[in-house]
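Here's the structure we're looking at; comments come further down.
The values are calculated or read from the model by the stated rules, or taken from the named source; none is laboratory data. These figures come from a predicted structure and were not determined experimentally. Note that we place each Cβ from the backbone using ideal geometry, even for glycine, and neighbour counts take in every protein chain shown. These accessible areas exclude ligands, DNA and RNA; they are computed on the full protein's heavy atoms, side chains included. Shrake-Rupley method; radii C 1.70, N 1.55, O 1.52, S 1.80 Å.
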Amino acid sequence: MPWLSDPRRDSLEDIAAAHQALAFAGYPRSQAATEYNAYLYRVRAALASPRHTLRAGFLAGVAIAVALMLTAGVLSFLLVVIFGSGVPSRGPTGPMVVPGTDDAGTSDRSPLDLVLPAGTSMVILGVAGAANALVTRGRWRSAGVLVTFSDVAPRQTYLLQTVAVWVGIGALMVLAVRWRGDEEMVTGAIVMLAFAGIPMLAFFFSAVFPGLYRRLLPRVSPLDAAAYARPIIELEVALQIDSERETHGRGTFHRAYYDRSAWADEVLARLDTSRSGRRRR
């Protein structure tokens with residue numbers, strides 16, 4: 001799978017047809033592209049299978065964890081360079097001593113002291129990503145994106161679900177700290193997590209996760225969202241044009257009006273035939 005390039009999941013024919021429908025509805029070209037891309041993502045997020053949703057969300061969470069750890073590592077290195085806290089020093093009568101080493105010059109820290117916290121962080125934020133992906137899926141399904149284009153109304157329950165996710169993630173982080181730290185360290189770490197760490201992490205996660213998940217989901221799910229979105233958009237626009245004809249009548253020979261009217265008739269006939277065929281089956 002071409003992870004470094006955008007995979008072609010959606011039918012170009014369906015995308016062009018949806019853009020044409022939005023043009024008939026009176027959308028300017030730039031606004032039509034923006035609205036359509038946002039709707040296409042919502043359809044993909046709502047229609048993706050739970051397995052693909054969980055996988056893409058977990059990968060997004062792991063990516064955020066890796067980015068945070070790399071940022072923390074770079075900042076730690078810069079602090080050492082700026083303040084010189086990691087520069088080897090020589091005692092008055094003894095050999096050079098490096099912080100974090102014993103008298104023999106060997107490190108007193110095991111590689112597991114770095115690997116286990118890093119792995120735990122990636123797993124916890126991966127779980128956070130998977131849970132937030134499920135919340136996103138439920139959010140857009142309940143908003144009705146699978147049946148309407150213009151009348152999307154997200155329910156606010158997804159905010160409560162997001163809070164519940166972060167309460168659970170906070171509990172996992174506290175358990176991880178208790179597992180790795182001594183009692184004195186655990187108390188201070190829990191206070192820091194509860195009042196600063198978890199709220200800041202949740203805020204950063206909510207800012208970064210949607211864009212990252214939006215890019216990862218098409219790489220995991222083979223869904224053709226454009227094929228699903230096209231008839232929804234076409235039907236809404238055709239019904240809008242038909243309603244305008246009921247109000248203003250058909251007695252006009254304006255070229256653009258004629259094109260819109262003929263297109264609406266074709267769409268309504270095609271979709272009505274399609275629904276009739278499904279009912280017979």
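Consider residue 225 carefully, then state whether it is open to solvent by less than 30 Å² (accessible area, probe 1.4 Å) and over 22 Å from residue 50 (Cβ atoms). So residue 225 fails the test. Of all the numbered requirements in (1) farther than 30 Å from residue 268 by Cα; (2) loosely packed, with under 13 Cβ neighbours inside 10 Å, residue 202 misses one, and that requirement is (2). Of all residues in region 57-86, those that are more than 21 Å from residue 124 (Cβ to Cβ) have Cβ atoms under 6 Å from Cβ atoms of residues that are surrounded by 11 or more Cβ atoms within 10 Å (Cβ to Cβ) and of a type outside the set (Gly, Ala, Ser), 6 or more apart or on another chain, in 86/80. For region 221-233, does any single residue satisfy the condition of being aliphatic (A, V, I, L, M) and at pLDDT below 90? No, that holds for no residue.
Listed here are the residues, each with its yes/no results for (1) at pLDDT 80 or above; (2) touching a Ser or Thr at 6+ places or on another chain (Cβ under 8 Å); (3) assigned to a helix (DSSP H, G or I).
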residue: 73; (1), (2), (3): yes, no, yes
residue: 76; (1), (2), (3): yes, no, yes
residue: 87; (1), (2), (3): no, no, no
residue: 93; (1), (2), (3): no, no, no
residue: 110; (1), (2), (3): no, no, no
residue: 113; (1), (2), (3): no, no, yes
residue: 117; (1), (2), (3): no, no, yes
residue: 123; (1), (2), (3): yes, no, yes
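Take residue 45 and tell me if it is among the aliphatic types (A, V, I, L, M) and modelled with pLDDT of 95 or more.
yes
Take the conditions within 15 Å of residue 211 (Cα to Cα), open to solvent by 70 Å² or more (accessible area, probe 1.4 Å) and aromatic (Phe, Trp, Tyr) and apply them to residue 83. Does it pass? No, not satisfied. Quick check on my filter: what residues within region 132-152 are of a type in the set (S, T, N, Q), under 13 Å from residue 46 (Cα atoms) and either open to solvent by 30 Å² or more (accessible area, probe 1.4 Å) or in contact with a Leu (Cβ under 6 Å, 6 or more places away or on another chain) (or both)? Selection gives 142 alone. Candidates are the residues of region 27-44 that are among the hydroxyl-bearing types (Ser, Thr, Tyr) and either closer than 14 Å to residue 10 by Cα or in contact with a Leu (Cβ under 9 Å, 6 or more places away or on another chain) (or both); the one that is most open to solvent (accessible area, probe 1.4 Å) is 41. Can you find a residue in region 135-153 that is farther than 22 Å from residue 212 by Cα, without any contact (Cβ under 8 Å) to a residue 12 or more places away in the chain, out of contact with any Ser or Thr (no Cβ under 6 Å at 6 or more places or on another chain) and not in a loop (DSSP other than H, G, I, E, B)? No - not one qualifying residue is present in region 135-153.
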